[in-house]
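Participant: Shown below is the structure under consideration.
The values are calculated or read from the model by the stated rules, or taken from the named source; none is laboratory data. Since this is a predicted model, take the numbers as computed values, not measurements. Glycine gets a Cβ as well: all are built from the backbone with ideal geometry, and neighbour counts include every protein chain shown.
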Amino acid sequence: MMAINILIVALMMDFFFGEPKRFHPLVGLGIFADTVENRLNKPGTSRMPGLIALGVVVVPLCLLANILEAALIAMPIISFLLSALILYLAIGWKSLLEHAEAVRLPLQNENIKVARQQVSYIVSRDTASLTPEGVSAAATESVLENGSDAIFAPIFWFLLGGLPAVVLYRIVNTLDAMWGYKNPHFFYFGWGAAKLDDLLNWVPARICALTYALCGHSNAAFKCWHEQAGDWKSPSAGPVMASGAGAINVKLGGVAHYHGDSQVRPPLGCGDTASYKSIQQAEKLVNRSLFLWVSILFIGSVFL
């Protein structure tokens, strides 16, 4: 019962306060990670510097989380509040929805220039020449994928392993976002962070994909998951995005441009072409899925 209470408080904090505008720990983590990367990432073909950097960032912070959790066992109220605070900082529910709305509303008002600018903040592809359909597809994909990364995976790891586990997940996920590029600068250095992120996301991503399927057009979601997920470059994003796209009856994937290079990505989903409505449908799917998780966890905590 304690874990679900902590989760509810953390979600309420996220709902009412959103992402901290100043002094967010992830900003400090990013600065620390950049410092480590600048010192250790040198030209070469060895993965060892990246693995060392991963250990330098991850081990001390996870050790601190373990020490805090152990030290606060005798102080349940402080332990409860600290756990809720850290879980709140690890979750990006309201932030995800706000970023999606910042893209959807200009699209709805036919302001493609602002929509392109806003979507550039949440995706890594080139956005300057995207059509309304392209902007809509990019934002929809981002909502579906980050629903897993920013909401369901942190909750999963918190429930499974408490503070140390959710801290580990959030650090690794952040490092993968910073270092996990397959360009010459990060190809070898970011390998360890990318692989560990794939490992930590493997189970929660599939639970998220199942939840999306249950909360949307189930038959289409399961069909797309089965037929399309294996073609996607990420073993975690594939199931989540294929199931999510099927669940809201939208076609995603296709050609995307990254730093001047074109990539033909496998198709995702089925049904309608992407529009501002698909962004809204993705937001609603994430909300329904989160409600389902909280409901199941609450009922389970009461009767088990």
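Participant: Could you tell me whether ALA194 is farther than 27 Å from ALA165 by Cα, small (Gly, Ala, Ser) and either free of Cβ contacts under 8 Å to residues at least 40 places away in the same chain or surrounded by 19 or more Cβ atoms within 10 Å (Cβ to Cβ) (or both)? If you could, list the steps in order and put the result at the bottom.
Facilitator: Details: farther than 27 Å from ALA165 by Cα: no; small (Gly, Ala, Ser): yes; either free of Cβ contacts under 8 Å to residues at least 40 places away in the same chain or surrounded by 19 or more Cβ atoms within 10 Å (Cβ to Cβ) (or both): yes.
No; evaluated as a whole, the condition is false for this residue.
Participant: For the stretch 83-101, name all the residues that are part of a helix (DSSP H, G or I) and hydrophobic (A, V, I, L, M, F, W, C).
Facilitator: In the first step, residues of the stretch 83-101 are kept if they are part of a helix (DSSP H, G or I); the result is 83-90, 93-101.
ALA84, LEU85, ILE86, LEU87, LEU89, ALA90, TRP93, LEU96, LEU97, ALA100, listed by residue number.
Participant: Quick one: would you say LEU214 is in contact (Cβ under 8 Å) with a residue 60 or more places away in the chain and surrounded by fewer than 22 Cβ atoms within 10 Å (Cβ to Cβ)? So that I can check it myself, show each step before the final result.
Facilitator: On the way: in contact (Cβ under 8 Å) with a residue 60 or more places away in the chain: yes; surrounded by fewer than 22 Cβ atoms within 10 Å (Cβ to Cβ): yes.
For LEU214, the condition - in contact (Cβ under 8 Å) with a residue 60 or more places away in the chain and surrounded by fewer than 22 Cβ atoms within 10 Å (Cβ to Cβ) - is met.
Participant: Still on this structure, please answer the following. Sort through LEU26, LEU51 and tell me the only one that's at pLDDT 90 or above and either within 25 Å of the chain's Cα centre (by Cα) or farther than 20 Å from ALA177 by Cβ (or both). Show your work before the answer.
Facilitator: Numbers: LEU26 fails: at pLDDT 90 or above.
None of the other options fit; the residue is LEU51.
Participant: Cβ-Cβ distance below 9 Å, separation of 6 or more or different chains: which pairs start in the stretch 1-28 with a residue that is part of a helix (DSSP H, G or I) and end on one that is surrounded by fewer than 13 Cβ atoms within 10 Å (Cβ to Cβ) and at pLDDT 90 or above?
Facilitator: Listed by first residue and then by second, the contacts come to MET2/PRO76.
Participant: Select the helices (runs of 4 or more DSSP H) contained entirely in the stretch 163-258, then report the ones holding at least 1 residues which are within 30 Å of VAL27 (Cβ to Cβ), basic (Lys, Arg) and at pLDDT 95 or above.
Facilitator: Numbers: elements: 191-214, 218-228, 237-247.
The qualifying helices (runs of 4 or more DSSP H) are 191-214.
Participant: Sort out which residues of the stretch 102-125 are of a type in the set (Val, Ile, Thr), in a helix (DSSP H, G or I) and surrounded by fewer than 21 Cβ atoms within 10 Å (Cβ to Cβ), and write them in order of number.
Facilitator: Start the filter on the stretch 102-125 by keeping residues that are of a type in the set (Val, Ile, Thr), which leaves 103, 112, 114, 119, 122-123.
With in a helix (DSSP H, G or I) added as a condition, the list becomes 103, 112, 114, 119.
ILE112, VAL114 - these are the residues of the stretch 102-125 that are of a type in the set (Val, Ile, Thr), in a helix (DSSP H, G or I) and surrounded by fewer than 21 Cβ atoms within 10 Å (Cβ to Cβ).
Participant: Go through the stretch 217-230 and give me each residue that's in contact (Cβ under 8 Å) with a residue 40 or more places away in the chain and either farther than 15 Å from LYS251 by Cβ or surrounded by 24 or more Cβ atoms within 10 Å (Cβ to Cβ) (or both).
Facilitator: Hit for the stretch 217-230 is CYS224, nothing else.
Participant: Another one. State all residues of the stretch 106-133 that are closer than 26 Å to LYS182 by Cβ and either touching a Phe, Trp or Tyr at 6+ places or on another chain (Cβ under 7 Å) or not polar (S, T, N, Q) (or both); if no residue qualifies, say none.
Facilitator: ARG116, VAL119, TYR121, ILE122, VAL123, SER124, ARG125, ASP126, ALA128, LEU130 - these are the residues of the stretch 106-133 that are closer than 26 Å to LYS182 by Cβ and either touching a Phe, Trp or Tyr at 6+ places or on another chain (Cβ under 7 Å) or not polar (S, T, N, Q) (or both).
Participant: Which members of the stretch 265-304 meet the condition of being without any contact (Cβ under 8 Å) to a residue 24 or more places away in the chain, under 15 Å from ALA247 (Cβ atoms) and hydroxyl-bearing (Ser, Thr, Tyr)?
Facilitator: none
Participant: Turning to a different aspect of this structure: Does any residue in the stretch 67-88 that is under 18 Å from MET13 (Cβ atoms) come within less than 8 Å, Cβ to Cβ, of a residue that is surrounded by fewer than 17 Cβ atoms within 10 Å (Cβ to Cβ) and modelled with pLDDT under 90 six or more places away or on a different chain, and which pairs are these?
Facilitator: SER79/ILE73; PHE80/MET2
Participant: So the check is Cβ under 7 Å with 6+ separation or different chains; which pairs have a first residue in the stretch 102-131 that's more than 20 Å from ASP149 (Cα to Cα) and a second one that's of a type in the set (A, V, I, L, M) and not in a helix (DSSP H, G or I)?
Facilitator: Correct list of pairs: ARG116/ALA128; ARG116/LEU130.
Participant: Given the condition assigned to a loop (DSSP other than H, G, I, E, B), out of contact with any Asp or Glu (no Cβ under 6 Å at 6 or more places or on another chain) and within 30 Å of LEU97 (Cα to Cα), answer yes or no: does some residue in the stretch 39-59 qualify?
Facilitator: Keep residues of the stretch 39-59 that are assigned to a loop (DSSP other than H, G, I, E, B), which gives 41-47.
Now restrict to residues that are out of contact with any Asp or Glu (no Cβ under 6 Å at 6 or more places or on another chain): 41-47.
Narrowing further to those that are within 30 Å of LEU97 (Cα to Cα): none.
No: zero hits.
Participant: Just checking, which of ALA137, ALA128, ALA153 is assigned to a helix (DSSP H, G or I), hydrophobic (A, V, I, L, M, F, W, C) and over 13 Å from the mean Cα position of the chain (by Cα)? Give the steps one after another, and end with the answer.
Facilitator: On the way: ALA128 fails: assigned to a helix (DSSP H, G or I); ALA153 fails: over 13 Å from the mean Cα position of the chain (by Cα).
On inspection, the qualifying residue turns out to be ALA137.
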